[in-house]
């Protein structure tokens, strides 16, 4: 389940943050951690590349 930051930040502050694994998204004033892709999805993506 994605984690959501409880503190509101600006877009400029989000851009200055370091990259995380898994990656995070900035939606509105919240930071939401993207879920890791499933194995099946990863295999399909590899085949398409």
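The values are calculated or read from the model by the stated rules, or taken from the named source; none is laboratory data. In this text, all values refer to a predicted model and were calculated from it rather than measured experimentally. In this analysis, Cβ positions are derived from the backbone assuming ideal geometry, glycine residues included, and neighbour counts consider all displayed protein chains.
Selection within segment 12-24: residues that are surrounded by 10 or more Cβ atoms within 10 Å (Cβ to Cβ) and either at pLDDT 85 or above or in a helix (DSSP H, G or I) (or both). The member of this set that is nearest to the chain's Cα centre (by Cα) is 24.
For segment 28-49, give me each residue that is surrounded by 10 or more Cβ atoms within 10 Å (Cβ to Cβ), under 15 Å from the mean Cα position of the chain (by Cα) and either part of a helix (DSSP H, G or I) or at pLDDT 80 or above (or both).
From segment 28-49, those surrounded by 10 or more Cβ atoms within 10 Å (Cβ to Cβ) are 29-37, 41-45; that's our starting set.
Imposing the further condition that a residue be under 15 Å from the mean Cα position of the chain (by Cα) reduces the set to 29-37.
The answer is 29, 30, 31, 32, 33, 34.
Among residues of segment 27-49 that are within 30 Å of residue 10 (Cα to Cα), those with a Cβ under 7 angstrom from a residue that is part of a helix (DSSP H, G or I), sequence gap 6+ or separate chain, pair up as 31/14.
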